[in-house]
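Presented below is the structure to which this report refers.
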Amino acid sequence: MITKKNLVLLGPPGAGKGTLSDPLMAQEKLAHISTGEILRGEVAAGTELGKQAEACMKAGKLVPDQVVADMVAARLATPECANGFILDGFPRTVAQAELLEEAMVRIGMKLDAVILFEAPEDLLLQRLTARLTCKKCGVAFNKLFAPPKQEGVCDRCGGELIQRADDSLETAKNRLKVYHEQTAPLIQFYEGKGCLARIDSSLPVDKGFAALLALLK
């Protein structure tokens, strides 16, 4: 049983955030909050925030951070998140983190912990270039640390596993560069808030998951 349940997972691409958060969500019944999913849902529902977001997207512009933060806060205030949540892909910048904090204050919530996943860059590059994606359902595997049970076959739907063109070494290096420039400053931000905890995500999955549970007790 964990006591810290309102969570942000932070770390570079390939650090294993998804690999360890999936069993955590299943075990603890935590909600998975994806900003992409929220945007699509708000637009489809025709909410005021959805209309604002749709107008931006149709104009070829990024959805303003304030709109995304308000959408996230609206989702966090639903019964779905009453037992806790994991924020996926937001915040990505300090500005977004500040807006998220303001929005959560308005709804009477706060983060319990921000977990920083750390691994050597050479391992991150190996993981990012070893990713396999199901052609049918889109679920991701990794040849190194999360392989499918049967080579080339998706565990979930039996579809064909492929390596996408954007899983190249060049793309992986660029993704890490963007992370260091835009998202890594969040480490200092959340350290200042006293809620940052670190995990060695180079560990095998079972040991990494045990370490994650220990941090959240």
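Nothing in this text is a laboratory measurement; each read-out follows from the coordinates by a stated rule. Here the structure is a predicted model, which means the values were calculated and not measured. Here the Cβ is made from the backbone with ideal geometry for all residues, glycine too, and neighbour counts use every protein chain on show.
How many of the residues making up the stretch 102-116 are surrounded by fewer than 19 Cβ atoms within 10 Å (Cβ to Cβ) and free of Cβ contacts under 8 Å to residues at least 60 places away in the same chain?
6
Can you pull out every residue in the stretch 189-217 that is assigned to a loop (DSSP other than H, G, I, E, B) and either surrounded by 12 or more Cβ atoms within 10 Å (Cβ to Cβ) or within 18 Å of the chain's Cα centre (by Cα) (or both)?
Scanning the stretch 189-217 gives Cys195, Ser201, Ser202, Leu203, Leu216.
Residues that are under 25 Å from Thr47 (Cα atoms): list the helices (runs of 4 or more DSSP H) wholly contained in the stretch 75-188 that include at least 2 such residues.
94-106
Which of (1) of a type outside the set (S, T, N, Q); (2) free of Cβ contacts under 8 Å to residues at least 60 places away in the same chain; (3) out of contact with any Phe, Trp or Tyr (no Cβ under 9 Å at 6 or more places or on another chain) does Asp88 not meet, given it meets every other one?
Looking at each condition in turn, Asp88 falls short on (2).
Within the stretch 122-141, count every residue that is closer than 27 Å to Ile2 by Cβ and without any contact (Cβ under 8 Å) to a residue 24 or more places away in the chain.
2
Quick check on this structure: which one of Ala119, Ala82 is in contact with a strand residue (DSSP E or B) (Cβ under 9 Å, 6 or more places away or on another chain), in contact (Cβ under 8 Å) with a residue 24 or more places away in the chain and aliphatic (A, V, I, L, M)?
Criteria check complete, one pass: Ala119.
Kindly check whether there is at least one residue in the stretch 55-66 that is under 22 Å from Gly11 (Cα atoms) and in a helix (DSSP H, G or I).
Yes: one or more hits.
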